[in-house]
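These notes are about the structure you will find just below.
The values are calculated or read from the model by the stated rules, or taken from the named source; none is laboratory data. Owing to the predicted nature of the structure, the values given are computational and were not obtained by experimental measurement. Positions of Cβ are backbone-derived with ideal geometry, glycine not excepted, and every protein chain shown enters the neighbour counts.
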Amino acid sequence: MSNRFLKLQVIDTREGDVQPVLDALREKLSPRGDVTSEASRQRTIDVFGKPLTPIQVVEQICREVQQEGIDAVLRYTSKLDHAELDADSLRVPPEELAAAHSQADSEFLNTVRRIRENIFEFQSAILHRDVTVTREIGVALTQRYVSLRRIGICVPGGAAAYPSTVLMTAVPAQAAQVEQIAVVAPPTRFGAYNPDLLATCHELGITEVYRMGGAQAVAALAFGVTGVEPVDKIVGPGNLFVALAKKTVYGEVDIDSIAGPSEVVVLADEGAHPKHVAADLLAQAEHAPGASILIAWQDGVLERALDDLERQVAELSRSELTVQSLENFGTLIRVQDEAEACRLTDFIAPEHLHIATTNAAELGEQIRNAGATFLGYHTPVSLGDYAAGPSHVLPTGGTARWASGLSANDFLRAGSVIEYSAAALKQIAPDVQLMAEKEELTAHRASVDVRLDSPED
């Protein structure tokens, strides 16, 4: 694969150990750290007067927002986003939301409505319902689900507009019957000044939209500031600073995840069209940063995909950034067979897994760890990104080993309800009494004893 302008990592597991390469890639993509551009590092020096790490930046911003409230939010909005706002202009007025909706392209609004229906149907179908277990002697045990009252949604807006993020976060919350939804987006033409974004919010009935982004927006949602009531949970994607801010405020509020850059693993056989494989890899790489990993076990699959990668990347609107992303995070891996491909994928635990093979369902059954799996030649990841129904907010950085994608159930709080009759209490009392004795918690035992001694009370 020499004499190419794309300098991707190419690994053959038959010739060497792939583990060090994957470990290095995972570290670069993790939200622990320091995947920032040179421009971002320079901005940190300009704003803070010294080269702070991203974690230090976030901790300082969150601390100041908690202590100073709206003043800190507006100060960092000015310094980082170069937007001069005040407490009154931070929130997008209702008439601006309505105007964006009335002026929106009708085809776009119809698309929003169809996608909303897809998401709402799926999310409603998987929603947890109350369950009660009863026993004849007078026991009723209920698992009760209660909607969160108020949530906050972070919508990116630095390099592109993301009305899809509003749909993929707000609609699952609405399926769970969350009462209040507050959306924050940076004060940019791709964020809170984007007509399509505002029109989508209005179409979904979202009335709270705030012109703020980054760590200061996360802190404002978590702690509350003048004009912004604190929320119970913060969801939605963002850059490294948003991810670290969510990590910082976790415990004050709940969060969906601490997400890193987007990623995809594509498993492809010789039946997968090289143009399709290349397009699937590019779709994640254009996030910049975004990791695109192709795994194949048949001769020629990697080479043909790389040929098409080079042809297609030159035609993209974000070609230069996509090339950088591919060269920094893209990897082509030749493995021995399908079984090794599945084992390697399970180790990577990717955010997106596209199995472009003739036996996609069979291979999918062998892989435990993936945020979302896309089966077959005609199921590109973009379907999940935009329209299918499951949320596109997914675990990254290998966390799909234990984490799940966002769903309506994440906006429910589970609580147990326990009810015993006198007869049922008498039957179970010996077990409670013995355990209390073993743990030397005499008051625990006494709370049962007193009821057995005077059942008439």
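Report yes if some residue within the stretch 435-451 is of a type in the set (S, T, N, Q), surrounded by 15 or more Cβ atoms within 10 Å (Cβ to Cβ) and part of a helix (DSSP H, G or I); otherwise report no. Walk me through it before giving the result.
Restricting attention to the stretch 435-451, the residues satisfying the condition of being of a type in the set (S, T, N, Q) are 442, 447.
Narrowing further to those that are surrounded by 15 or more Cβ atoms within 10 Å (Cβ to Cβ): none.
Looking through the stretch 435-451, none of the residues is of a type in the set (S, T, N, Q), surrounded by 15 or more Cβ atoms within 10 Å (Cβ to Cβ) and part of a helix (DSSP H, G or I).
Name the single residue that is surrounded by the most Cβ atoms within 10 Å (Cβ to Cβ) among those in the stretch 361-396 being free of Cβ contacts under 8 Å to residues at least 60 places away in the same chain and part of a helix (DSSP H, G or I).
Here the answer is G384.
Applying the selection to the stretch 87-111, what residues are surrounded by 13 or more Cβ atoms within 10 Å (Cβ to Cβ), within 26 Å of the chain's Cα centre (by Cα) and in a helix (DSSP H, G or I)?
As a first pass, look at the stretch 87-111 and keep what is surrounded by 13 or more Cβ atoms within 10 Å (Cβ to Cβ): 87, 89-92, 96-101, 104, 108-109, 111.
Imposing the further condition that a residue be within 26 Å of the chain's Cα centre (by Cα) reduces the set to 90-92, 97, 108-109, 111.
Those that are surrounded by 13 or more Cβ atoms within 10 Å (Cβ to Cβ), within 26 Å of the chain's Cα centre (by Cα) and in a helix (DSSP H, G or I): L97, F108, L109, T111.
Testing R401 on (1) of a type in the set (D, E, K, R); (2) modelled with pLDDT of 95 or more; (3) within 16 Å of V265 (Cα to Cα), one condition comes back false. Which one is that?
Looking at each condition in turn, R401 falls short on (2).
Looking only at the stretch 407-424, which residues are surrounded by fewer than 19 Cβ atoms within 10 Å (Cβ to Cβ) and either part of a helix (DSSP H, G or I) or touching a helix residue (DSSP H, G or I) at 6+ places or on another chain (Cβ under 8 Å) (or both)?
Listed by number, the residues that qualify are N409, Y420, A422, A423, A424.
When you scan the stretch 112-144, how many residues do you find that are modelled with pLDDT of 95 or more and in a strand (DSSP E or B)?
Total meeting the criteria: 10.
In the stretch 148-163, is there at least one residue being assigned to a helix (DSSP H, G or I) and within 26 Å of G238 (Cα to Cα)?
Yes, the stretch 148-163 contains at least one residue that is assigned to a helix (DSSP H, G or I) and within 26 Å of G238 (Cα to Cα).
Quick one: is E96 among the acidic types (D, E), closer than 30 Å to T226 by Cβ and either touching a strand residue (DSSP E or B) at 6+ places or on another chain (Cβ under 9 Å) or in the same structural domain as T200 (by TED's automatic domain parsing) (or both)?
Working: among the acidic types (D, E): yes; closer than 30 Å to T226 by Cβ: yes; either touching a strand residue (DSSP E or B) at 6+ places or on another chain (Cβ under 9 Å) or in the same structural domain as T200 (by TED's automatic domain parsing) (or both): yes.
Spelling it out, E96 is indeed among the acidic types (D, E), closer than 30 Å to T226 by Cβ and either touching a strand residue (DSSP E or B) at 6+ places or on another chain (Cβ under 9 Å) or in the same structural domain as T200 (by TED's automatic domain parsing) (or both).
With the stretch 247-349 as the region, which helices (runs of 4 or more DSSP H) entirely inside it contain at least 2 residues that are in contact (Cβ under 8 Å) with a residue 40 or more places away in the chain and farther than 29 Å from P156 by Cβ?
Qualifying helices (runs of 4 or more DSSP H): 301-313, 338-348.
Give the residues of the stretch 223-246 that are over 17 Å from G213 (Cβ atoms) and either within 18 Å of the chain's Cα centre (by Cα) or aromatic (F, W, Y) (or both), sorted by residue number. Break it down into steps so the answer makes sense when it comes.
Filtering the stretch 223-246 for residues over 17 Å from G213 (Cβ atoms) gives 224, 226, 229-230, 232-233.
Residues satisfying the conditions are D232, K233.
Would you mention how many residues in the stretch 335-351 are modelled with pLDDT under 95 and touching a helix residue (DSSP H, G or I) at 6+ places or on another chain (Cβ under 6 Å)?
2
Could you check the stretch 71-86 and list, in sequence order, the residues that are under 26 Å from the mean Cα position of the chain (by Cα) and either of a type in the set (D, E, K, R) or modelled with pLDDT under 95 (or both)? Steps first, please.
Narrowing the stretch 71-86 to residues under 26 Å from the mean Cα position of the chain (by Cα): 73, 76-77, 80-81.
L80, D81, listed by residue number.
All but one of (1) assigned by TED's automatic domain parsing to the domain that holds L22; (2) modelled with pLDDT under 95; (3) not β-branched (V, I, T) hold for P395; state the number of the condition that does not hold.
(1)
Would you confirm whether or not the stretch 160-183 contains a residue that is hydrophobic (A, V, I, L, M, F, W, C) and modelled with pLDDT under 95?
Our first condition is that a residue be hydrophobic (A, V, I, L, M, F, W, C); within the stretch 160-183, this holds for 160-161, 166-168, 170-171, 173, 175-176, 178, 181-183.
From what is left, the residues that are modelled with pLDDT under 95 are 160-161.
Yes, the stretch 160-183 contains at least one residue that is hydrophobic (A, V, I, L, M, F, W, C) and modelled with pLDDT under 95.
Residue-by-condition table, conditions (1) of a type in the set (S, T, Y); (2) surrounded by fewer than 17 Cβ atoms within 10 Å (Cβ to Cβ); (3) over 20 Å from G16 (Cβ atoms):
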position	(1), (2), (3)
E303	no, yes, no
R311	no, yes, yes
Q324	no, yes, yes
V335	no, no, no
A339	no, yes, no
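Could you check the stretch 250-288 and list, in sequence order, the residues that are among the hydrophobic types (A, V, I, L, M, F, W, C), under 21 Å from V58 (Cα atoms) and touching a Gly at 6+ places or on another chain (Cβ under 9 Å)? Steps first, answer last, please.
So in the stretch 250-288, the residues among the hydrophobic types (A, V, I, L, M, F, W, C) come out as 253, 255, 258-259, 264-268, 272, 277-279, 281-283, 285, 288.
In the following step, the residues that additionally are under 21 Å from V58 (Cα atoms) were identified as 253, 255, 258-259.
Listed by number, the residues that qualify are V253, I258, A259.
Being modelled with pLDDT under 75 and either touching a helix residue (DSSP H, G or I) at 6+ places or on another chain (Cβ under 9 Å) or outside the structural domain of T248 (by TED's automatic domain parsing) (or both) narrows it down to one of R14, R26, R41, so name that one.
Values: R14 fails: modelled with pLDDT under 75; R41 fails: modelled with pLDDT under 75.
The unique qualifying residue is R26.
If you go through the stretch 126-143 one residue at a time, do you hit one that is farther than 30 Å from A424 by Cβ, surrounded by 12 or more Cβ atoms within 10 Å (Cβ to Cβ) and of a type in the set (G, A, S)?
Here is the first cut: in the stretch 126-143, the ones farther than 30 Å from A424 by Cβ are 126-127.
With the extra rule that they be surrounded by 12 or more Cβ atoms within 10 Å (Cβ to Cβ), the set shrinks to 126-127.
The next check asks that each one be of a type in the set (G, A, S); those that pass are none.
Scanning the stretch 126-143, I find no residue that is farther than 30 Å from A424 by Cβ, surrounded by 12 or more Cβ atoms within 10 Å (Cβ to Cβ) and of a type in the set (G, A, S), so the answer is no.
Hey, D130 hits all of (1) touching a residue at least 24 places away in the same chain (Cβ under 8 Å); (2) touching a Ser or Thr at 6+ places or on another chain (Cβ under 7 Å) but one; which does it fall short on?
Unmet for D130, out of (1) touching a residue at least 24 places away in the same chain (Cβ under 8 Å); (2) touching a Ser or Thr at 6+ places or on another chain (Cβ under 7 Å): (1).
Evaluate the following for T200: is it assigned to a helix (DSSP H, G or I), on the phi < 0 side of the Ramachandran plot, of a type outside the set (A, V, I, L, M) and in contact with a Cys (Cβ under 8 Å, 6 or more places away or on another chain)?
Numbers: assigned to a helix (DSSP H, G or I): yes; on the phi < 0 side of the Ramachandran plot: yes; of a type outside the set (A, V, I, L, M): yes; in contact with a Cys (Cβ under 8 Å, 6 or more places away or on another chain): no.
Considered against the rule, which asks whether it is assigned to a helix (DSSP H, G or I), on the phi < 0 side of the Ramachandran plot, of a type outside the set (A, V, I, L, M) and in contact with a Cys (Cβ under 8 Å, 6 or more places away or on another chain), T200 comes out as no.
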